[in-house]
Amino acid sequence: MFINKCYKCTMARKIPFYHLKTPVRLCHKMNKIHEKQGTKVSQEVINYLESSSEYKNIINIVPKSLLRKYKAPETMYLINENTARNITETLKKYIEKDAPVVEVNPGPGLLTQELLQCQKNKLYLYETSNHFAQCLKDLQTQHPERIKYKIADFFGMWKLAFQDKMDNGNRIKELLEDLATDDKDRILSIIGAMPSLSFVKHLINTIVFHNANNHLGRPDLYIVMPGHHYEFLADASVQINKHKSVPSLFQLLFDYQVLNKVPKVHFLPWTYASSTQKASVMDEFCLYLVKITQKPKLPCLPSHLPLLWFFFKRHTFSSSTRVIPMLEQWIPGCGVWLITGQDPPDTNKELSPGKDDAKLPHMTIFTEFGDLNLQQKLTIFKRFVSWPEFEQCPFRVTMENNLPKFASHIDDDDDVKRSIVSNIDEIEPSDTETSPDTI
């Protein structure tokens with residue numbers, strides 16, 4: 001049915017439905033566009049930029065959309081030259097010689113210019129917005145042999161990976177072009193500001209479900225991120241009271257450290273202070289420059305990573321979940337092996353914990369997952385999958401039936417291809433401040 005206004009607009013103006021010619025959904029979409037266009041810039045942001053001569057050109061360079069304040073922006077842009085130099089001075093100690101460097105959303109190119117001066121590696125620029133095209137093309141003209149520039153959403157490659165999985169496409173390879181590699185040990189330095197966790201989740205998913213071919217090699221991330229996101233990923237309290245799969249897998253798969261902190265006001269757009277965000281030990285007026293690198297050794301066999309994902313997904317959602325009763329739902333009677341600290345005689349020694357794995361405390365039927373730290377949970381997992389009864393229990397089949405769509409095998413037919421757009425939503429890319437654990 002075609003109408004000229006949405007139902008509320010129609011009722012307000014008393015327009016007969018048979019006179020209306022525009023689709024309802026289009027009406028809502030157009031209303032959102034008009035609301036967006038009508039939103040004024042933040043006077044607080046304008047006052048800050050006008051208060052310093054170093055920003056005299058920024059107001060005219062950046063799009064008006066960056067002069068607003070957001071609850072959860074999709075991108076962040078560096079606008080301060082001193083902070084660009086500060087970040088570069090920090091990074092030049094870590095960037096691998098001869099490793100290609102990707103800068104994500106360089107915007108006006110302040111950090112790009114500093115990176116060109118501090119190292120000789122080739123720079124690949126991925127910019128989401130067309131607004132900065134002229135600035136970046138000018139830099140490319142000045143350094144044609146060192147800069148490759150492309151309009152693309154690099155941090156949004158999880159969407160392309162999902163679509164490739166659905167229809168066996170080559171979108172990731174087309175995005176990366178000569179950066180794509182089948183060498184899992186190729187070092188790639190990725191630099192940028194990341195206001196959400198979607199790209200980190202993409203890397204986790206890539207390792208867990210597509211470990212044989214990720215096209216990136218072994219990326220080193222040098223990411224500016226909000227403190228509460230780093231705290232969510234890396235805070236040791238995840239081992240005690242935040243039983244979430246994202247930080248658990250992140251800490252098992254990656255090494256990470258804070259290299260520096262930079263003023264939050266030196267990045268656009270600004271964000272609103274969250275009234276629901278929990279108290280943090282991180283400086284709320286700063287963003288954190290974080291180095292994230294994949295660990296050289298996986299926590300378990302590559303073929304067992306999906307099992308590990310499901311183990312954390314199912315078992316660590318509650319700190320009060322009792323370990324033995326939960327595992328005995330899968331392998332009845334297995335609690336005796338945990339209580340005695342021994343394993344069945346025909347345990348698979350290749351899968352069971354080794355000398356470097358964490359020792360378990362004395363286990364009882366009352367021991368809860370919240371009583372164990374992350375490495376001890378990993379030990380529980382390794383013992384569980386090494387027991388002879390494991391392959392006959394329904395754990396693996398249940399895991400396979402609960403794989404996310406981007407990780408499961410999908411037949412190549414027209415119905416599946418038509419469902420790509422609707423199924424993208426199932427990846428849950430949004431990162432709310434209250435619950436960023438969406439894997």
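Quick notes on this structure:
Residue-wise test of (1) of a type in the set (Phe, Trp, Tyr); (2) modelled with pLDDT under 85; (3) under 30 Å from Cys286 (Cα atoms).
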site: Lys165; (1), (2), (3): no, yes, no
site: Gly169; (1), (2), (3): no, yes, no
site: Arg186; (1), (2), (3): no, no, no
site: Ala212; (1), (2), (3): no, yes, no
site: Asp220; (1), (2), (3): no, no, yes
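- Residue match in the stretch 59-66 (condition: modelled with pLDDT under 95 and either assigned by TED's automatic domain parsing to the domain that holds Asn260 or within 24 Å of the chain's Cα centre (by Cα) (or both)): yes
- Out of Val208, Val262, Val258, one residue alone is modelled with pLDDT of 95 or more and in contact with a helix residue (DSSP H, G or I) (Cβ under 6 Å, 6 or more places away or on another chain). It is Val262.
- Considering the conditions (1) over 22 Å from the mean Cα position of the chain (by Cα); (2) not assigned by TED's automatic domain parsing to the domain that holds Asp255, Ala72 is excluded by exactly one of them, (1).
- Against the criterion of being of a type in the set (Ser, Thr, Tyr) and under 18 Å from the mean Cα position of the chain (by Cα), Thr141 does not qualify.
- Qualifying positions in the stretch 72-105 - over 16 Å from Cys286 (Cα atoms), modelled with pLDDT of 95 or more and in a loop (DSSP other than H, G, I, E, B): Asn105
- Some residue of the stretch 39-54 being over 21 Å from Pro263 (Cβ atoms) and either surrounded by fewer than 16 Cβ atoms within 10 Å (Cβ to Cβ) or not assigned by TED's automatic domain parsing to the domain that holds Val290 (or both): yes
- Tally, over the stretch 107-120, of residues that are without any contact (Cβ under 8 Å) to a residue 40 or more places away in the chain and buried (at least 22 other Cβ atoms within 10 Å of the Cβ): 3
Rundown of residues vs (1) within 35 Å of the chain's Cα centre (by Cα); (2) farther than 26 Å from Val397 by Cα, yes/no style:
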| position | (1), (2) |
| --- | --- |
| Ser318 | yes, no |
| Arg322 | yes, no |
| Leu327 | yes, no |
| Val336 | no, no |
| Glu350 | yes, no |
| Pro353 | yes, no |
| Asp356 | yes, yes |
| Lys359 | yes, yes |
| Glu368 | yes, no |
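The values are calculated or read from the model by the stated rules, or taken from the named source; none is laboratory data. All values derive from a computational prediction rather than experimental measurement. Note: ideal-geometry Cβ built from the backbone for every residue, glycine included; neighbour counts use all protein chains shown.
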